[in-house]
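The values are calculated or read from the model by the stated rules, or taken from the named source; none is laboratory data. Keep in mind that this is a model prediction, so the values were computed, not measured. Cβ placement follows ideal geometry from the backbone for every residue including glycine, while neighbour counts extend to all protein chains displayed. Please note that ligands, DNA and RNA were not included when accessible areas were found on the heavy atoms of the full protein model with its side chains. Shrake-Rupley method; radii C 1.70, N 1.55, O 1.52, S 1.80 Å.
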Amino acid sequence: MAEVRLVDIEKKYGNFLAVPKQSLTIHDGEFLVLLGPSGCGKTTTMRMIAGLEDITSGDIMIKGERINDKPPKDRDIAMVFQNYGLYPHMTVRQNIEYPLKLRGMPKADRKDRVRETAEKVELDALLERRPSELSGGQRQRVALARAIVRTPSIFLMDEPLSNLDAKLRVTMRAELKHLHHELGVTTVYVTHDQMEAMTLANRVAVMREGKIVQLDTPKKIYAEPADLFVAGFIGSPSMNLIDGAVKDGVFRADGVEVPVDLADHDGVVLGIRPEELDITQDPGAAISGKLYALELTGESTLVTLRNGPSSVCARGHADFEADIDSPCHLAPKEGARIHLFDRATGERLL
Amino acid sequence: MKDRLLPYWLLIPAFIIVLATTIYPLAYSFITSFRAWDLTKSRRPEGFVGLDNYIYAASESQFLNSLWVTFIFVITSVILTVILAMALALLLRRKGPMHTFTRIILILPFAMSPALIGVSYRFMFNPEFGVIANGLGAVFPALQGVPWLADPQLAMGILVLTDVWHWTPYMTFMCLGGLASIPRETEEAARIDGASNLRIIFGIILPQMRGVILVMAVLKTIFALKMFDQVVTLTGGGPGTSTETLAYFIFNVGFRWFDMGYASALAWILTAIMMFISIWYVRMLLSERKMATA
Ligand SMILES: Nc1ncnc2c1ncn2[C@@H]1O[C@H](COP(=O)(O)OP(=O)(O)O)[C@@H](O)[C@H]1O
Ligand SMILES: [Mg+2]
């Protein structure tokens, strides 16, 4: 059981409150992703778990034991850093072997273990090279191998893929997911990339200004964002967010009229995902405007229309074609999910 | 067309100044080193004597003594300075509340003139009224009345001390620069992997400081080889010739004995030693770089 519990942890740098009192439980074997924009306190939170950063107040429990004052090496964790943190003066083999050596494992066992681990991440051919002689993806693998070689009970990964190119990132993502499946080790993973979070996580904790604003499964976060911030952050292309007001059971904005089940309310933001909109010829449709742009993505076409200040995007068939500036109409699909948020507070209304 | 040549025209004055102040004297002294020239007898160099000046040096005991003195001085002052600077830098690298203050204090010894350092240390070690001599005597009665600068070994020790005192701050800043360029993650990864503080220093930090330490050692070696001011003001080469370094000996030969031919030859021997070290160092540095980028 390697459950991690953060209880009311808080971190101040001088007078700057980086993480205000937060609590979070990471279950045994879970892949939990901390997701949020840059500077929201993800790294700080992870470093507190690792013991690299003092906690201003609160408790961190690993396997039910309070470990606030334990040094990093006694927390049974392994960490993968954003810029790898490899030892430049050691070969790949020595890098992977180092944690075992420090823990006093006999030489013969170490050798076997390094070989096994290197095979797992396909590094066996590169063991005698130095980090400076490796590509970014290979370095990332060494960092990963160094983390898993000791079979710790918790993995901490701080944006491990962000220095890789887009294609490699997708491959490594799958490898990470497979590795987690194979090892079943509790993993805390930090990223600002919502796609990475969605694809990897069992649960996602969305953070903003140090606070966890929503903690749930990727599916749930996608379908029911807790507030305006999460709604705008998750999904690509992101959710359409239209400023308007609700009166007599209808949400109105320029060119938009959607019946909703909400009492009269000013300053409302209506949210609907591009894939939940249909393109129609019906001039009485919920959303009308002029076609602004067409973007073919391969499997579909993104259709953007504009009316006054608001623009709305829909995912249409790849074959869809129309003239720019021609009138265009969109209607929510059957059973489409309409989200309503309060403009001022960002709170979810419906 | 004109524009293309303009940079060269602009460089010419600087080139002439460099030529006149360094290249010409260098060449002149090199030629002089193969001639006889007693300044008390002639205002111009006299006849060519071939390698006589160099051959004479090889068997002259005072020159050999100065080589030995220089060797001892260089080795001890370089090793002590580098180790001390490294240790200080490791202590000072974390940004604390005293950060700026400690750094200002630290730079003071380096801001002092070496000649002044020599004079003040001579006063401080004066057995009768020197503050260090008296202070040590008060704390350790056995050290009362020790003739610090009159003892060959002690004089050498104090000479090294002044030099280490003078150079450690600067070298500490070099170390701090080197430490700052080491990615913090390597140290943190080692901490998580289970390395003790000592292991982190010796196994992770120092290996990554190799290049910086090499630069420091070579720079310090060259500065120590030509060290002159403190010998003049602190010991005057004494007692006897026990602290007579090569640079100081060359000065004596040229400007006390007025044997310019011999002094030039000695100066070129010193230059050759420094060039040898510099070339070795550049080669080390190149191979280091090759290793880092290969
Ligand atoms: N050592 C530090 N001293 C002062 N402020 C810091 C320090 N480290 C991080 N911060 C601040 O804390 C906030 C959170 O940082 P961080 O956890 O690195 O964000 P993230 O990883 O989500 O991008 C940022 O505003 C950052 O400027
Ligand atoms: Mg970060």
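Dipole of region A:4-232 (Lys/Arg Cβ +1, Asp/Glu Cβ -1, origin at the Cα centre): which of A:46, A:171, A:88 lies farthest to the positive side?
Of the listed residues, the answer is A:88.
How would A:159, A:334, A:276 rank on accessible area, largest to smallest, probe 1.4 Å?
Working: A:159 20, A:334 185, A:276 50 Å².
Result of the area sort, largest leading: A:334, A:276, A:159.
What area, in nm² and to one decimal, does the C-alpha convex hull of region A:58-184 cast on average over all directions?
Numbers: hull surface 34.7 nm².
Computed as one quarter of the Cα hull surface, the answer is 8.7 nm².
Give me a comma-separated list of calculated 3J(HN,Hα) values for region A:273-283, in order, Karplus coefficients 6.51, -1.76, 1.60 applied at θ = phi - 60°, integers in Hz, x for any Gly or Pro.
7, x, 6, 9, 10, 9, 8, 10, 9, 5, x
What's log10 of I(q)/I(0) for chain A at q = 0.14 Å⁻¹, Debye sum over Cα points only, no solvent?
With no solvent term, the Cα-only Debye profile gives -1.10.
So how much accessible area does residue A:328 have, in Å² to the nearest 10, using a 1.4 Å probe?
Estimated to the nearest 10 Å², residue A:328 gives 10 Å².
Can you run phi through the Karplus equation (6.51, -1.76, 1.60; θ = phi - 60°) for region A:300-314 and list ³J(HN,Hα) in whole Hz, with x for Gly and Pro?
7, 10, 8, 10, 10, 10, 10, 8, x, x, 9, 10, 10, 10, 10
Amide H neighbours of residue A:207 under 5 Å, at least 5 residues apart or on other chains, H built in the peptide plane: list them.
Residues meeting the amide H criterion: A:35, A:36, A:213.
Once each part is reduced to its C-alpha centroid, what is the distance from region A:265-293 to region A:164-211 in angstrom?
33
Over 20 Å between Cα atoms: which of A:120/A:177; A:11/A:70; A:63/A:177; A:21/A:42 fall into that group? Display every interim value, and only then the final one.
Numbers: A:120/A:177 13 Å; A:11/A:70 17 Å; A:63/A:177 23 Å; A:21/A:42 14 Å.
From A:120/A:177; A:11/A:70; A:63/A:177; A:21/A:42, over 20 Å: A:63/A:177.
Amide H of residue A:320: which non-local residues (sequence gap of 5 or more, or other chain) have their own amide H closer than 5 Å, using H built in the peptide plane?
Hits under the 5 Å cutoff: none.
Could you look at chain A and say what percent of its accessible area is carbon and sulfur, using a 1.4 Å probe and all protein chains?
48
What residues of region B:189-203 lose no less than 40 Å² of accessible area with every protein chain in place versus their chain by itself (probe 1.4 Å, heavy atoms only)?
Checking the loss per residue gives B:189, B:191, B:192, B:193, B:194, B:199.
Just the accessible area per residue of region A:169-259, please: how many Å² with a 1.4 Å probe?
Working: 3950 Å² over 91 residues.
Value for region A:169-259: 43 Å² per residue.
Could you go through region B:100-117 in sequence order and give the Karplus-derived ³J(HN,Hα) for each residue, using 6.51 cos²θ - 1.76 cosθ + 1.60 with θ = phi - 60°, rounded to whole Hz, and x for Gly and Pro?
Using θ = phi - 60°, the values come out as 5, 4, 4, 6, 5, 4, 5, 7, 3, x, 6, 6, 7, 6, x, 4, 5, 4 Hz.
Where Rh is the Kirkwood radius over the Cα pairs of chain B, the temperature 25 °C and the viscosity 0.890 mPa s, what D in µm²/s does Stokes-Einstein return?
Values: Rh = 22.5 Å.
D, rounded to a whole number, is 109 µm²/s.
Ignoring ligands, DNA and RNA and using a 1.4 Å probe, state the total buried accessible area between B and A in Å², rounded to the nearest 100.
Details: alone 17700 and 16880 Å², together 32660 Å².
The contact between A and B buries close to 1900 Å².
Compute, for residue A:59, the solvent-accessible surface of its heavy atoms (probe 1.4 Å) with the complete set of protein chains present, and express it in square angstrom to the nearest 10.
Residue A:59 exposes around 50 Å² with every protein chain in place.
Ordering A:317, A:89 by accessible area with a probe of 1.4 Å, largest first, what comes out? Can you show the working numbers first?
On the way: A:317 125, A:89 45 Å².
Putting A:317, A:89 in descending order of accessible area: A:317, A:89.
With a 1.4 Å probe and every protein chain left in place, work out the accessible area per residue of region B:5-104 in Å², rounded to a whole number. The partial results should precede the final answer.
Working: 7090 Å² over 100 residues.
Value returned for region B:5-104: 71 Å² of accessible area per residue.
Suppose a student asked you for the relative contact order of chain A, using Cα pairs under 8 Å spaced at least 6 residues apart; what percent would you report?
Values: 722 pairs, mean separation 53.2, N = 350.
Averaging sequence separation for qualifying contacts and normalising by length gives 15 percent for chain A.
Just reorder A:23, B:278 by solvent-accessible area, largest first, 1.4 Å probe, all chains present.
Details: A:23 70, B:278 40 Å².
Final ranking, largest accessible area leading: A:23, B:278.
Roughly how many Å is it from the Cα centre of region B:44-58 to that of region A:1-79, as a whole number?
77
Rounded to the nearest 10 Å², what accessible area does residue B:198 show when all protein chains are kept and the probe is 1.4 Å?
The accessible area of residue B:198 comes to roughly 120 Å².
With charges only on Cβ, +1 for K and R and -1 for D and E, what is the dipole size of chain B about its Cα centre, in debye, rounded to 20? If you can, show how the numbers build up before the last one.
Details: 21 positive and 16 negative charges, 185 e Å.
My answer is approximately 880 debye.
Could you please state how large a percent of the accessible area of region B:45-293 is carbon and sulfur, counting protein chains only and using a 1.4 Å probe? Write out the running numbers ahead of the final one.
Values: 9000 of 12600 Å².
Here carbon and sulfur together make up 71 percent of the probe-accessible area.
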